[in-house]
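The block underneath contains the structure these notes are about, expressed in structure tokens.
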Amino acid sequence: MALSKEVICDKYEIVGIYKHIQCRTATIVKEDGVELSRSFHREVLTPDMDVSGKHAEIKGMAAALWTDEVKEAWADKLEADAE
């Protein structure tokens with residue numbers, strides 16, 4: 001009986017005008033190669049976040065999507081919300 005656990009980001013979504021990146025992570029537990037359970041966690045990344053420690057796919061998406069205009073619009077929105 002060999003138990004194993006695999007954690008993968010199995011779904012990416014780009015949401016809204018500020019290009020938030022959602023990453024759904026699946027945690028899969030297997031016994032002798034047969035899946036026993038699967039659970040999910042979702043992380044939302046915004047244009048003001050540091051993604052340097054994230055997976056290469058996320059870094060690539062952030063570089064392509066989070067233009068200076070998007071970052072500025074997001075910062076303006078945060079500032080307006082704080083008032």
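Since every read-out is calculated from the coordinates, none of them should be taken as a lab result. Since we're looking at a predicted model, the values are computed, not measured. Using ideal geometry, Cβ is built from the backbone for each residue, glycine included, and neighbour counts are taken over all protein chains shown.
Summing -39500 (n - 2.57) over the DSSP H runs of n ≥ 4 in the chain and dividing by its residue number, what mean residue ellipticity at 222 nm do you reach, to the nearest 500 deg cm²/dmol?
Theoretical 222 nm ellipticity from helices: -9500 deg cm²/dmol.
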Quiz item: Going by average Cβ neighbours within 10 Å, how do the peptides 17-30, 56-69 rank, with the highest at the top?
Solution: 17-30, 56-69
Practice problem: Could you compute the FRET efficiency for residue 46 and residue 1, with r as their C-beta to C-beta distance and R0 at 41 Å, rounded to 0.05? | Solution: 0.45
Quiz item: Which part of region 1-29 falls in the paramagnetic zone of residue 72, meaning amide N under 20 Å from the point 7 Å along Cα-to-beta-carbon?
Solution: 17-20
Quiz item: So between residue 30 and residue 59, what do we pick up on full extension, going 0.36 nm a residue minus the alpha carbon distance?
Solution: 7.5 nm
